[in-house]
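Colleague: Before I ask anything, let me first share the structure, which is written out below as structure tokens.
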Amino acid sequence: MSALTAITAQNTLGVHGVVELPPDFVGQQIDAVLGDLGADAVKTGMLSSAPIVEVVAAKVRQYNVGKLVVDPVMMAKGGDPLLRADARDALLREIVPLAYVITPNLPEAETLVGFPVRSLGDMEKSARAIYDLGARHVVVKGGHLSAEDSVDLLFDGQRVTLYPAARIATRNDHGTGCTFASAIAAMLARDLAVDDAVRAAKEYLTAVLAASADLRLGRGPHGPMDHLALLHPEE
């Protein structure tokens, strides 16, 4: 179930336009879902503006959402901004302290903590700093590191856990962060522990990236993944 915060005109070439929905209407959508059907886990993505951030945070508190997965979306894969500068302070103030799990990539982690994140050691340092901002579990994604493997790092306030996986050579990587965070939320909704949820989400994303490597859709540098690839019968 979804509550739309903003709609975009985008394709494999990039983001061509963004229209934010009125914050009050964002709140109405959340009311329509949580006031009727409820949710075992909730994941946030592109929040776009400070007023939208504030409405989402208020609704999370109103409905006492426990398992909130925050994907702090700040820019699209091609570098187009998806979060206004004024919304970043609101995100830090309103959303991060509510996060059961937060999943920044390296550029997002740098923005949240205010120092460079360029190595595995930096990833741990940033995870600890974001934890100190109020998030209960911090997953710093290492896809931007120039390393042979893609290593993600989880910090739960006491222990650091690493999740290495082979890097998949593919242009079909649009939405990997959203997919990863959504998969974590889906696993948490099934009552998996955070460590198990992150591991299962990582395995799912890696398998989908591998299965999507041969897709030929669009002319741009970042094509879509086939999220149902694992359901296709083997050839």
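The values are calculated or read from the model by the stated rules, or taken from the named source; none is laboratory data. All of these numbers come straight from a predicted model, not from anything done at the bench. Cβ coordinates were reconstructed from backbone atoms using ideal geometry, including for glycine residues, and neighbour counts include every protein chain displayed.
Colleague: Working only within segment 15-68, note down all residues that are out of contact with any helix residue (DSSP H, G or I) (no Cβ under 9 Å at 6 or more places or on another chain) and touching a residue at least 60 places away in the same chain (Cβ under 8 Å).
Modeller: Val15, Val18, listed by residue number.
Colleague: Further, regarding this structure: For segment 20-53, which residues satisfy the criterion of being under 9 Å from Thr5 (Cα atoms), in a strand (DSSP E or B) and of a type outside the set (Ser, Thr, Tyr)?
Modeller: Glu20 - this is the single residue of segment 20-53 that is under 9 Å from Thr5 (Cα atoms), in a strand (DSSP E or B) and of a type outside the set (Ser, Thr, Tyr).
Colleague: Also, I was wondering about something else. Report yes if some residue within segment 54-61 is at pLDDT 95 or above and assigned to a loop (DSSP other than H, G, I, E, B); otherwise report no.
Modeller: Checked against the condition, which is being at pLDDT 95 or above and assigned to a loop (DSSP other than H, G, I, E, B), segment 54-61 yields no hits at all.
Colleague: What pairs come out if I take residues in segment 194-207 that are assigned to a helix (DSSP H, G or I) and pair them with residues that are of a type in the set (Phe, Trp, Tyr) and surrounded by 22 or more Cβ atoms within 10 Å (Cβ to Cβ) whose C-beta lies under 7 Å away, six or more apart or interchain?
Modeller: Every condition considered, the pairs that remain are Ala201/Phe180; Leu205/Phe180.
Colleague: Another question about this same structure. Considering every residue within segment 85-101, establish whether at least one is buried (at least 20 other Cβ atoms within 10 Å of the Cβ), more than 23 Å from Ala58 (Cβ to Cβ), at pLDDT 95 or above and of a type in the set (A, V, I, L, M, F, W, C).
Modeller: No - not one qualifying residue is present in segment 85-101.
Colleague: Determine if segment 182-202 includes at least one residue that is modelled with pLDDT of 95 or more, touching a helix residue (DSSP H, G or I) at 6+ places or on another chain (Cβ under 6 Å) and either at positive phi or not hydrophobic (A, V, I, L, M, F, W, C) (or both).
Modeller: no
Colleague: Could you pull out the residue among Val65, Val73, Val69 that is under 23 Å from His174 (Cβ atoms), part of a loop (DSSP other than H, G, I, E, B) and aliphatic (A, V, I, L, M)?
Modeller: Val73
Colleague: What is the number of the single condition among (1) buried (at least 18 other Cβ atoms within 10 Å of the Cβ); (2) of a type in the set (A, V, I, L, M); (3) part of a loop (DSSP other than H, G, I, E, B); (4) modelled with pLDDT under 95 that Ala135 does not meet?
Modeller: Going through the list (1) buried (at least 18 other Cβ atoms within 10 Å of the Cβ); (2) of a type in the set (A, V, I, L, M); (3) part of a loop (DSSP other than H, G, I, E, B); (4) modelled with pLDDT under 95, Ala135 breaks only (4).
Colleague: So, Leu145, is that one closer than 20 Å to Ala201 by Cβ and hydrophobic (A, V, I, L, M, F, W, C) or not?
Modeller: It is true that Leu145 is closer than 20 Å to Ala201 by Cβ and hydrophobic (A, V, I, L, M, F, W, C).
Colleague: Checking Ala147 against (1) at pLDDT 95 or above; (2) among the aliphatic types (A, V, I, L, M); (3) surrounded by fewer than 18 Cβ atoms within 10 Å (Cβ to Cβ), which single condition isn't satisfied?
Modeller: Ala147 satisfies every listed condition except (1).
Colleague: Now for a different question. Does any residue of segment 62-75 turn out to be surrounded by fewer than 19 Cβ atoms within 10 Å (Cβ to Cβ) and at pLDDT below 95?
Modeller: Taking every residue of segment 62-75 in turn, at least one turns out to be surrounded by fewer than 19 Cβ atoms within 10 Å (Cβ to Cβ) and at pLDDT below 95.
Colleague: Considering only segment 106-115, state which residues are modelled with pLDDT under 95 and in a loop (DSSP other than H, G, I, E, B).
Modeller: Result: Gly114, single match.
Colleague: Which residues, taken from segment 112-121, are within 30 Å of Ala169 (Cβ to Cβ) and surrounded by fewer than 19 Cβ atoms within 10 Å (Cβ to Cβ)?
Modeller: Passing the criteria: Pro116, Arg118, Ser119, Leu120, Gly121.
Colleague: Testing Ile168 on (1) farther than 26 Å from Ala189 by Cα; (2) in a strand (DSSP E or B), one condition comes back false. Which one is that?
Modeller: In the conditions (1) farther than 26 Å from Ala189 by Cα; (2) in a strand (DSSP E or B), Ile168 misses (2) alone.
Colleague: For the structure I just gave you, tell me whether Ile130 is closer than 30 Å to Ser2 by Cβ, in contact (Cβ under 8 Å) with a residue 40 or more places away in the chain, crowded, with 19+ Cβ neighbours inside 10 Å and of a type in the set (A, V, I, L, M).
Modeller: Considered against the rule, which asks whether it is closer than 30 Å to Ser2 by Cβ, in contact (Cβ under 8 Å) with a residue 40 or more places away in the chain, crowded, with 19+ Cβ neighbours inside 10 Å and of a type in the set (A, V, I, L, M), Ile130 comes out as no.
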